[in-house]
Every structure is written in structure tokens, then in C-alpha cells.
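Read the structure below first, then the notes.
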Amino acid sequence: VPLKPGRSLMDWIRLTKSGKDLAGLKGRLIEVTEDELAKHNRKEDCWICIRGLVYNVTPYMEYHPGGEDELMKAAGMDGTDLFDQVHRWVNYESMLKECLVGRMALKPVSVSKGECFRIKYLIFYPKLYVFFLYFLFYSYDWFQTDSLITIVIYTKQKDMNPDFVIVDCQDKRLRGEIIMNDYSYVLEVDLDHAVEEDFLIKIAEKIGKVEINLKKKDNVHWKMLGQPLENHNTFIKCKNRGLFYRKCKLVSKTQVTHNTKLFCFKLPKSTHFHIPIGQHVYLKQVIAGTEVVKPYTPLLPFLPLDFKEPSCHDDANIYLMIKIYPSGLFTQALDHLQVGDGISISNPEGNFKKSQAEAVEDLFLLAAGTGFTPMVKLLSFALAEVVTLRTAKLIFFNKTEDDILWRNQLEQLALKDERFEVQFVLSEPAKDWVGKQGRISSSLLSELVERSRKDSKVLICICGPTPFTEQGVQ
């Protein structure tokens, strides 16, 4: 939502550094009961609990980019689930540390003997289920030669592919993560000896075996793989696992439109991951002593025009198309990065599955502004690899002609591939604009979204600012 002047993220950071008592307890921390928390449920007196910690968010109300109403949904309550749904990536502990009231008090529970077995069963069964999954799918082993260390993870998963495997090896610390639907398995050790930066990943897709080959720096016999770290050999839900970052270097920065640039960041040699279609990464910067995190969807460096061959991965680089806002704290800091500067980039995240598009006949992509970015890889995949595809249509909403991203490339692709069509829609067109104009609406979409045949299989994907997306879904 539009914020009042003086209510930017930078203004909030300045306020937290001012020494003002934002929690309202003069530096004390208290234990908060559910009853006490429930009393603080008004805009002028609002406490929220996130993961067992209670914050007085009253002073933050006017600074919240999502608006006061969103915060009020969790007023006087535990807002953890709501927070995770909207933006679990935000470093709230850093942003709200001066607003900390204290910790939630543990609620005493008394049960009768008759209820005891039922409660134990309910608590035990989900843990047993996760343990069973872990036991069923994951185990690992390692062995060595004079020059190599080989780690083998047996997932017992069919159709294992590189999109599910993430490996980082920095300063003797090895971290391997394997994604299985909503769960992830992590192997994390401080290695016994140093290894070379580059390593090799081999995946036996049919039997689900993942092999990590590390080159020894010194020709010595290892007594053990290494010292297990906190998350080693764990199998838990992805959403319960903290984001993992690695430092990436800015390679190039290219102007796309008057206010949007294409950034290219190079992954370390010691990192291996693919970014699946429709998934995003988080960028983290420390600005004025506060960690600030934002999500962006990687795309291709350009729009391929020849789809005879399946699209190839550029695994060494991450390309991000980012709009630079004049008063945007994060994007301004990004724009000031020089080639060679570093920034922290997370593992990929997201719910979109490539399988959703594998048998589609009509693909409609509704994008507004930089909501275009997730459409690039999806469009490339569909035109190159979806054999059932008959039509792919991008309906691209922008304010003015100058805001249209990759217009020439999109028009060239439409000429080159008869399956693809692009429709530009402007909300603030110049007088000489002859194309579609307006905002997203049912009347406009009913005119532009049409099946190629009566019973064709359709997929519609939408991305843009929240009001655009919500209106489009309706």
C-alpha cells in the first residue's frame, strides 16, 4: 500500500537505531500469557506472536508495506502461520528486535487418563510418519581413493533430477540438500580435510542415487568424513528449514528499460544448483546494520527464438530483471553494486511444478511489469519441450510503452513461432497508442483468453503486484 512520507524502510531502520523505547517496556523483557497477548489487539496497542516471541508492532503499523489491515489480522494472536504464508523469508528478528516484548509463557495442560493414550498417539504418529519417510528414502555412505572422496546418498526415489539437488562446499564445510516434495534431507559436515573448489555431481535418475565427488587438496588418508554440524542427517519439512545463502558476485548490469536492469550474478565454483521453472530466490543485504531480504524470480539472459533443441541451463550464473525504484531502499542498494561486488543469494523456493505444464495445449500467461520474469523460463520450456502445446499467449500489462520489457524480443518470437502470440495492454498509453488499453478485468480477459478448441487442456499463470494478481484470479 502507499505509505506516508517518512515511512520508508530506511526511515524504520533509523527509528530502530534512535534509542526510542519501541517495545514500551523500558528495556525489560516479560513472559506473556495468551490472555495478556489477547488484550493487545488494537491498532494503537498491537502485540503479535511469531514463533514463540511477542512483538509490540504498534510503532511499525505505518511502516508496514502490506498496510495496517494485514498486521491487524494477527493482532493479539499467534501470527506465525499467517506470517509464513505471506513472507516467511523476511528477517523479522532483525527488523523488529527493538519491538520485542518477551517470550510466550508455556501453557500448562492437564488431561484425564482416558485422554492420555489418544493425545500420545496424535503426537507420536506424525513423528513416526516423518521418521518412516526418512528411513524409507534416505541413507548415505562415503568412501575414498588417494585423490577422491565420494559421498553417496541413497534416496530410493525414482525420477531424481538435478533440480532436487543443492550442494555447497565452502571452507571445508559441505552442505548437500535433496528436496522431496514438501520435505528436504540435509547432509552437513565440517570436512576432515580441505578439498578443491570444483566438484562433480552424478545422479542415477532411475534408482535415485546422488553421488558427490570431491577432490582432495592433499594426498592424505581421511579417518572420517568430518564433524557433523547441527542440521546433519535431518529430514524435515522445507518450510521449517531456515534459508541457506551463499555469496555470489555481480558479473554485469544491463539497462532493459528506463527503470529496469538485468543483473547477472555468478555462483561460487563450490555451489551446485538448478533453479526450477517458476521458482524464486532471495537476495540478502545488510543495510544500515539491518538484514534486508527480497525475493526475485531468475530468468534467462534473453528470450530464445529457436526451439529445435531443449533449452539449456546456465548453471554458473543467475539472471534477475529488477525494477529500480527511486525511493526503494533495497533496489537502490542493488543498483549501487559494482561489478565484482558480492551479495547473498538463497536456495530456490516455490510451489510451481513443471509437471503442471507438461501436457498443456493452451498456455495463457498474464503478467504485469516485472511479473513478466517467471514467464520467461516457463514460455521457453513450453515452446521447446511441451509436445501437446498448440497456443501460448502472453498478455502483458504495463503503464506505458516505455515500460514494456523485452518488447522487441517478444515481437520477434511471435513472428518466428506461430504458436506464440503477445498482447500488450497499457493503463496510461500515449495518444498515438493503437493497441489494447485499460486494466485487468473480466471483460478484457474474456476477449483475450480463448481456447484453441472446446475441450483443450488450459493452464493460466498470473504474476504481478498483489492487486493485479487478486483481480486476475477473481
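The values are calculated or read from the model by the stated rules, or taken from the named source; none is laboratory data. Quick caveat: nothing in here was measured; it's all calculated off a predicted structure. For neighbour counting, all protein chains shown are included, and Cβ atoms are generated from backbone atoms with ideal geometry for every residue, glycine included. Only protein heavy atoms, including side chains, enter the accessible area calculation; ligands, DNA and RNA are left aside. Shrake-Rupley method; radii C 1.70, N 1.55, O 1.52, S 1.80 Å.
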Taking Cα pairs under 8 Å and at least six residues apart, what relative contact order does the stretch 176-280 come out at, in percent? 26
Label-to-label distance, nm, for residues given as ARG103 and ILE460 (7 Å Cα→Cβ offset): 4.9
Expressed as a whole-number percentage, the relative contact order of the stretch 232-311 with C-alpha contacts under 8 angstrom and at least six residues apart is 17
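Out of the GluC sites (Glu not before Pro) in the stretch 416-474, which ones are loop residues according to DSSP with at most 15 other C-beta atoms within 10 Å?
Within the stretch 416-474, the qualifying GluC sites (Glu not before Pro) (loop, at most 15 other Cβ atoms within 10 Å) are GLU418, GLU450.
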Note the count of lysine pairs whose C-alpha atoms are less than 24 angstrom apart in the stretch 9-104, limited to pairs 8 or more residues apart or on different chains. 14
Report the extension gain between ASP45 and TRP222 in nm, rounded to one decimal, defined as 0.36 nm multiplied by the number of residues separating them, less their alpha carbon distance. 57.8 nm
Counting only DSSP loop positions in the stretch 164-245, the trypsin sites (Lys or Arg not before Pro) whose Cβ has at most 16 other Cβ atoms within 10 Å are LYS172, LYS206, LYS217, LYS223, ARG241
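DSSP loop GluC sites (Glu not before Pro) in the stretch 40-104 with at most 16 other Cβ atoms within 10 Å of their Cβ, which ones?
GLU44
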Over the stretch 9-104, average the accessible area per residue using a 1.4 Å probe and give it in Å², no decimals. 53
For the chain, compute the orientation-averaged projected area of the C-alpha convex hull (one quarter of its surface), in nm². 28.9
Site ASN91, offset 7 angstrom along Cα→Cβ, radius 18 Å on amide nitrogen, limited to the stretch 274-309, gives 281-296
Considering the options SER252, GLN144, GLY67, tell which one lies farthest towards the positive end of the dipole of the chain, charges being +1 on Lys and Arg and -1 on Asp and Glu at the Cβ, about the Cα centre. GLN144
Considering only protein heavy atoms, what per residue accessible area in square angstrom results for the stretch 130-240 with a 1.4 angstrom probe? 55
Mean Kyte-Doolittle hydropathy of -1.0 or higher plus an axial Cα length of 18 Å or more: which whole DSSP H helices in the chain meet both? 113-137, 373-385
Calculate how many DSSP beta bridges within the chain are antiparallel, expressed in % of all such bridges and rounded to the nearest 5. 75
Might you work out the accessible area of CYS169 for me, using a 1.4 Å probe with all protein chains in place, and round it to the nearest 10 Å²? 10
How many angstrom lie between the C-alpha centres of the stretch 403-428 and the stretch 174-250? 42
Regression test value, accessible area per residue of the stretch 245-349, probe 1.4 Å, units Å², expected 44
Keeping to pairs on different chains or 8 or more places apart, tell me how many lysine pairs in the stretch 336-474 have Cα atoms under 19 Å apart. 13
Tally up the carbon and sulfur contribution to the accessible surface of the chain as a whole percent, 1.4 Å probe, everything protein left in place. 53
